[in-house]
Amino acid sequence: MTSTTATGLIELRAMYGGVQTAVGVFALIAALNARWRQGALLGLTCIYFGLCTTRTGSALMAGDFSSYTVGAFGFEWTSALLALWLLRRSAN
C-alpha cells in the first residue's frame, strides 16, 4: 500500500495510527475499569466484525489474497470471535 499525496499519507497515518491507538487505549481503560468492560467488548466486537467482513468481501471481489491480507484475516476473525465470546460470557 502506498500513498501518492500528502493527503493520502495523512489519511493513512490517522486511520492506521490514530484510530488503532485509540482502540487500544480504550481497550486498556476498559480492562482496568469493570464498568466499561461490556461496552468495550461490544465496541470491539463491532469494529472487528466490520473489519473482517469488509476485508473478506473486498478480497473476494478483487481476487487478492496476499500474505498481508491472509494475516489480517487471521487477526481480525480471531479478534472478532474472541470479543463476541467474551461479550456473551460477560452477559451471563
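For the reader, a short list of remarks on this structure follows.
- Of residues in region 68-90 being touching a helix residue (DSSP H, G or I) at 6+ places or on another chain (Cβ under 7 Å) and open to solvent by 40 Å² or more (accessible area, probe 1.4 Å), the one farthest from Q20 (Cα to Cα): S90
- Considered as a group, the residues in region 5-25 that are under 20 Å from A80 (Cα atoms) and hydroxyl-bearing (S, T, Y) include one that is least open to solvent (accessible area, probe 1.4 Å), and that residue is T21.
- Taking first residues from region 51-67 that are open to solvent by less than 80 Å² (accessible area, probe 1.4 Å) and partners that are among the hydrophobic types (A, V, I, L, M, F, W, C), the Cβ contacts under 7 Å between residues at least 6 apart in sequence or on separate chains come to C52/F73; C52/W77; C52/A80; R55/A72; R55/F73; T56/F73; A59/F65.
- Selection of first residues in region 1-20 that are under 18 Å from A72 (Cβ atoms) and of second residues that are surrounded by 11 or more Cβ atoms within 10 Å (Cβ to Cβ), restricted to Cβ pairs under 6 Å at least 6 apart or on distinct chains, gives the following pairs, ordered by first then second residue: L12/S3.
- Members of region 26-50 found to be more than 23 Å from L81 (Cβ to Cβ) and surrounded by 10 or more Cβ atoms within 10 Å (Cβ to Cβ), listed by number: N33
The values are calculated or read from the model by the stated rules, or taken from the named source; none is laboratory data. The model shown is predicted, which means the values in this text are computed figures rather than measured ones. Don't worry about glycine lacking a Cβ; one is built from the backbone with ideal geometry, like all the others, and counts go over all protein chains shown. Remember, those area values only see protein heavy atoms, side chains included, never the ligands or the DNA or RNA. Shrake-Rupley method; radii C 1.70, N 1.55, O 1.52, S 1.80 Å.
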